[in-house]
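Working notes, structure below.
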Amino acid sequence: MTEASDVFDRVGLTEYETTAIEQLLTLGRTTAPNLAEATGIPKARIYGVLESLADRGFIKVIPGRPKEYQPKAPDEILDRAIENSRQSYEAFAADIEAGRDAFLSEYGPQFERASENISPTAELFHVVDVGEPSERETRRLYGDAEETLGIITNSFAYLDSVIGALEGAVERGVDVSVLFLHPDALPAEKAAVQAEMVERLASELPDVGVRFSTEKLPWRGTLVDPSMDYDGGEAILLVEEPDVPNHMRQAALTENGSFVAGMKRYFDLIWEYESVTPGRLDSV
């Protein structure tokens, strides 16, 4: 969120509800007709808008003739939004759990039968669309990381969408390394984005290791907790296809321990022998 009012979008308020509560926070206490006049919300809609805000606990209804409406304090609005979300999640989780046994009984055997003929090769990868689906999986991988997290990226332009999960990994003591493509190999616009992301990492997450590959990177992605015994690890990767727009691309996910170990060997070789530190960028 970049603006204070963005929180209303996160809470899920409609445009009329956002307008009403913002005006109430300015006016203090007022009647529905007065609020309709001040906001331009049709009088036929204003009572429903106020009722919705009251149901969520964001405003108080003061009895009288006429009724008056008063906003809760801003910190109370935020606390109530969090509580509403928590209660909604708990109700959702309870509903899912209530149907767990029936769901597993119905679909478990079907899945087992359908999976019998799937070869190990077919299970090597599955794919997700590039964009929010791949970013969601990336956040999940950051959250799963216990020991090491390796990231290969051109400019890390998607940092904003994963920064919370990355901070969580660092706070857990995960060893995080980010291998960027050398800025000289990027268009000026992407190089500028990369410079901004590198600066953010240095200031916000100084424990994250950063280097720049002096050679082209054939793929981008994340590898988590690889094992040289080939018995663990996860990864998401996207191969370079310069002529294919992102909205038409897919990222591959794998939990194959051997493959992830191979990715780790590649990562370590580039990190050790074909990359430079931020301080040596100008010497290449």
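The values are calculated or read from the model by the stated rules, or taken from the named source; none is laboratory data. These numbers come from a predicted model, not from an experiment. For neighbour counting, all protein chains shown are included, and Cβ atoms are generated from backbone atoms with ideal geometry for every residue, glycine included. To get the accessible areas, we keep the full protein, side chains included, count just its heavy atoms, and leave off ligands, DNA and RNA. Shrake-Rupley method; radii C 1.70, N 1.55, O 1.52, S 1.80 Å.
Taken over the range 142-180, the residue count meeting the criterion of being over 20 Å from Pro206 (Cβ atoms) and in contact with a helix residue (DSSP H, G or I) (Cβ under 8 Å, 6 or more places away or on another chain) is 6. If you go through the range 37-51 and keep only what is surrounded by fewer than 21 Cβ atoms within 10 Å (Cβ to Cβ) and in a helix (DSSP H, G or I), you end up with Glu37, Ala38, Thr39, Lys43, Ala44, Arg45, Tyr47, Gly48, Glu51. The set of residues in the range 12-36 that are within 20 Å of Ala73 (Cα to Cα), touching a Lys or Arg at 6+ places or on another chain (Cβ under 8 Å) and open to solvent by 40 Å² or more (accessible area, probe 1.4 Å) contains only Tyr16. The conditions of being open to solvent by 30 Å² or more (accessible area, probe 1.4 Å) and part of a strand (DSSP E or B) are met by Arg211. In the range 17-27, is there at least one residue being assigned to a loop (DSSP other than H, G, I, E, B) and modelled with pLDDT under 95? No: the range 17-27 contains no residue that is assigned to a loop (DSSP other than H, G, I, E, B) and modelled with pLDDT under 95. Residues that are touching a residue at least 40 places away in the same chain (Cβ under 8 Å), more than 30 Å from Leu238 (Cα to Cα) and open to solvent by less than 100 Å² (accessible area, probe 1.4 Å) number at least 2 in the following strands (runs of 3 or more DSSP E) confined to the range 52-161: 68-71. Looking for something farther than 16 Å from Gly143 by Cα, open to solvent by less than 60 Å² (accessible area, probe 1.4 Å) and in a strand (DSSP E or B) - is there at least one such residue anywhere in the range 185-208? So far as the range 185-208 goes, no, none of its residues is farther than 16 Å from Gly143 by Cα, open to solvent by less than 60 Å² (accessible area, probe 1.4 Å) and in a strand (DSSP E or B).
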